[in-house]
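The values are calculated or read from the model by the stated rules, or taken from the named source; none is laboratory data. Treat the numbers as computed from the prediction; the structure is a model and nothing was measured. Here Cβ is always computed from backbone atoms with ideal geometry, including for glycine, and neighbour counts include all displayed protein chains. For accessibility, only protein heavy atoms count, side chains too; no ligands or nucleic acids. Shrake-Rupley method; radii C 1.70, N 1.55, O 1.52, S 1.80 Å.
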Amino acid sequence: MTLKEAAERAERLRAAIETHNRHYYIENKPVISDFEYDLLLQELAGIERLFPSLIVATSPTQRVGSDRTREFTQVAHRYAMLSLGNTYSTDEIRDFDSRIRRSLDDEPEYVCELKFDGTAIGLTYLNGRLHQAVTRGDGEYGDDVTANVRTIPSIPPQLPPGEWPHEFEIRGEILMPFHAFERLNNQRAAHGAPPFANPRNAAAGSLKLLDSRIVAHRGLECFLYHILGENLPADNHFDNLRKAAQWGFRISEQMTKCRTLDEISTFIRHWDEARKTLPYATDGVVIKVNSLAQQQQLGLTAKSPRWATAFKFKAEQGITELLSVDFQVGRTGAITPVANLQPLQLAGTTVKRASLHNADQIALLDIRLHDMVIVEKGGEIIPKIVGVDHSQRKAGSPPFHYITQCPECAATLIRDEGEAKHYCPNDAHCPPQILGKILHFASRRAMNINAGEATIEMLYREGLIKNVADLYLLKKEHLRHFHNWGEKSAENFITSIAASVQAPFAKALYALGIRYVGETTAKKLADALPSIDAIAKANLDQLLAVDEIGERIAQSIIHYFADENNRTLIARLRHAGIRMTNEAQAPRTAALTGMVFVITGTLSRPREDIKALIEQHGGRVAADISAKTTHLLAGLNAGSKLARAKKAGIKIISEQEYAELLNIQR
Ligand code: IVH
């Protein structure tokens, strides 16, 4: 691989990982399994090892993903909340052990624990009282979810008398046991709400609810596995956790001391099977060096401690009968075949449906109706069919025929060269595609209309909106006819729609959902061509002249504007007041040219916006402090970056001073 190829591949991997981080941490809706995610990360790490010049501070290999959201106060972690190195192979556990032995003077003793599959939490106790509960966030800052955590019965609000330190932090995993998860998803199904993909996402989603009374009914539990502080009772992890159990915390019941690799392997083998009887999800084993002095000696990397690692269990498999196949039409028209199965118990939940991916996959595995199929569930997402037990096939069963027409609108399906999926081309009239367009238009990164997907879906199904322009015709009175709409929520929704017209031109362009025009392309287009009219009139050459636009995107843009319906839609959006030109946008200046900013702490508006503004005025924003940094923009609760900037003599400015620098009103 050449450096250029490596750089391109790394860039692509980083973009994919960022997308999956968003699905996982923010939306709580992962689309790939942990295993597939780890493969992406491993490939990226491999490239960065070969070409260290490609490592950048913002690479996902250099930091943990982020679950931070905007509704909660952000708090700096006193001790960075790291992640763990992980592996699926016992050979790598052997390497881990050798590395530890090489770095230590004395023999290590290990503690093996189950790896709970929930969401991480850090609990701070002051004088025996629960003071604060903070999520992992980006490892440096997390969300303060104390009010929600107080509703979890297994977390003591007040410790009984004991030898606990005056101040300490205890970290663990909040989880939703399987029975509570199934109950919650049944309730959601009854209300037409989308189900959570797995107990982990359900736990993470519950913790981020704004109403603690609802959290209290979600059946959450917490297992604690790591205690941090100055005056801990013992000099080793195992005894400290035992003490914590005496103070009323739930700790890993399976925690076992091990001296040798054999003992570790026995623990892993035992729990890989025995975990299936536990009432909650686990996805591996964590192996930790027991002595705190040895932990200290081994130290940390930017991402994870050197004194601990995780062995991940392989996805659970089962075998069952394929009853029938449904075909779902996605928001982009992509067709996904979904298997209906004879229900089976797998990874703690009842599996009735599984993904079949696409026509090639079905052909490759030669899957036929009523076959006994092998189903895999990796503790997450929709289970998938990974094989067929041909020995159990009934004689004379016919090969499977893939559909040729859209099950929603009967249009003839197409399949572009090189694409794995079939598509429904009828994007103007096929119902799931219309809904998909509206949801995309309203989404946070597009017009940022503040409404849940279920709300928009309901408005569409009830016929109140047939396309995105209809949103701007909605009146409070329309909404009040529907059950569940209080005066206030109807008003909020309408206000949010009205406010959305302020979105910059690039966002509006992205919101239109032109095929292949993602956020970056929309921005480049808006930068290069001053208005929607200019873009609509541009010919192939003019479009190709725009940075990063190639033949495929250019054709798609031309195709979009050739459609009369799209032109009418744009006219209506323009009439509603949506920005269709670049003119109204803030002027560009060179006020910040040559300045390199690092942003830290909690600020009054999203970092993305601040960054955009700095760049608009000629400045640059870097992820971390370096010799090039000229300014640190420090918000509330700024932590380690502030300290480092001070030490390096970098100019530190508040948000107010930054606004003055730009001469803008906050
Ligand atoms: S110890 C610095 N122990 O898995 C060491 N983590 O993938 C911190 N997890 O960040 C972690 N069970 O959220 C530890 N018994 C256990 C765990 C555990 C689950 C989570 C935790 C961690 C993540 C790493």
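Structure summary
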quantity: Residue-span extension gain [Arg574 to Thr332] - 0.36 nm each, minus C-alpha spacing; calculated: 84.7 nm
quantity: DSSP-loop chymotrypsin sites (Phe, Trp or Tyr not before Pro) across region 419-479, with at most 11 other Cβ within 10 angstrom; calculated: none
quantity: Accessible-area composition of region 115-273, carbon plus sulfur, in percent [1.4 Å probe]; calculated: 51 percent
quantity: Two-site FRET efficiency, Val386 against Asn450, from Cβ-Cβ distance with R₀ of 60 Å, rounded to 0.05; calculated: 0.90
quantity: Residues with amide H under 5 Å from that of Ala334, placed H, sequence gap 5 or more; calculated: Cys424
quantity: Isolated Cys residues of the chain, judged by Cβ distance under 4.7 Å to other cysteines; calculated: Cys112, Cys222, Cys258
quantity: Karplus (6.51, -1.76, 1.60) ³J(HN,Hα), θ = phi - 60°, over region 639-644, in Hz, Gly and Pro reported as x; calculated: x, 5, 5, 4, 4, 5
quantity: Net dipole in debye of the chain [+1 Lys, Arg Cβ; -1 Asp, Glu Cβ; about Cα centre; nearest 20]; calculated: 1220 debye
quantity: Gyration tensor (alpha-carbon) shape descriptor, region 127-169, a/c threshold 1.5; calculated: oblate
quantity: Surface share of carbon and sulfur [accessible, 1.4 angstrom probe, percent] for region 537-648; calculated: 53 percent
quantity: Sulfur and carbon atoms: percent of accessible area, region 327-454 [1.4 Å]; calculated: 53 percent
quantity: Lys29 accessible area, 1.4 Å probe, all protein chains in place, Å² to nearest 10; calculated: 100 Å²
quantity: Structure-based [θ]222 nm, the chain - -39500 (n - 2.57) summed over DSSP H runs of at least 4, per residue, nearest 500; calculated: -10500 deg cm²/dmol
quantity: Assigned charges on the beta-carbon of Lys, Arg, Asp, Glu; region 411-525 dipole about Cα centre (debye); calculated: 260 debye
quantity: Leading residue at positive end of dipole, region 544-666 (Cβ point charges), from Leu661, Leu636, Leu613; calculated: Leu636
quantity: Ordering of 156-162, 609-615 by packing [mean C-beta count within 10 Å, highest first]; calculated: 609-615, 156-162
quantity: Computed lengthening from His481 to Asn566, 0.36 nm per intervening residue step minus Cα-Cα distance; calculated: 27.6 nm
quantity: Anisotropy class of the chain from Cα gyration tensor, a/c 1.5 cut; calculated: oblate
quantity: Cut-off 12 Å between beta-carbons: net charge of the residues surrounding Ala180, Lys and Arg +1, Asp and Glu -1; calculated: 0
quantity: Calculated FRET efficiency for the pair Lys647/Asp533, C-beta based, R₀ 45 Å, to 0.05; calculated: 0.25
quantity: Distant-in-sequence amide H partners of Val621 (H built 1.01 Å from N, under 5 Å); calculated: Phe597
quantity: Area of Ser89 that stays accessible when all protein chains are in place (1.4 Å probe, Å², to 10); calculated: 40 Å²
quantity: Relative contact order of region 475-618, pairs being alpha-carbon contacts under 8 Å that are 6 or more residues apart, as %; calculated: 23 percent
quantity: Three-way shape label, region 323-442, alpha-carbon gyration tensor, a/c 1.5; calculated: oblate
quantity: Net length gained if the chain between Arg102 and Leu544 were fully extended (0.36 nm per residue, minus Cα distance); calculated: 153.4 nm
quantity: Relative contact order (percent, whole number), region 372-487, Cα cutoff 8 Å, 6+ residue spacing; calculated: 11 percent
quantity: Relative contact order [Cα under 8 Å, 6+ residues apart], region 35-173, whole percent; calculated: 28 percent
quantity: Signed unit charges on C-beta, dipole axis of the chain, positive-most listed residue Val598, Ala545, Leu175; calculated: Val598
quantity: Å² of accessible area per residue within the chain, as computed with a 1.4 Å probe and no ligands counted; calculated: 49 Å²
quantity: Kirkwood-type radius of region 89-151, with distances r between different C-alpha atoms, in Å; calculated: 15.2 Å
quantity: Extreme residue, positive dipole direction of the chain, given options Leu341, Ser265, Ile17 (C-beta unit charges); calculated: Ile17
quantity: Straight-distance crosslink candidates among aspartates and glutamates, where the alpha carbon sits under 19 Å from Lys628 and sequence neighbours closer than 8 are dropped; calculated: Glu615
quantity: Among the listed pairs Lys208/Lys524; Lys523/Lys641; Lys276/Lys312; Lys29/Lys488; Lys466/Lys488, those beyond 26 Å (Cα-Cα); calculated: Lys208/Lys524; Lys523/Lys641; Lys29/Lys488
quantity: DSSP-assigned coil residues among GluC sites (Glu not before Pro) in region 151-234, each with at most 15 further Cβ atoms within 10 Å; calculated: Glu163, Glu230
quantity: Nonlocal amide H pairs with Gln132, under 5 Å, H built at 1.01 Å; calculated: Thr124
quantity: Lys466 accessible area, assembled protein chains, probe 1.4 Å, Å²; calculated: 130 Å²
quantity: HN-Hα J in Hz across region 284-294 - Karplus 6.51, -1.76, 1.60, θ = phi - 60°, x for Gly and Pro; calculated: x, 10, 9, 10, 10, 6, 6, 6, 5, 5, 5
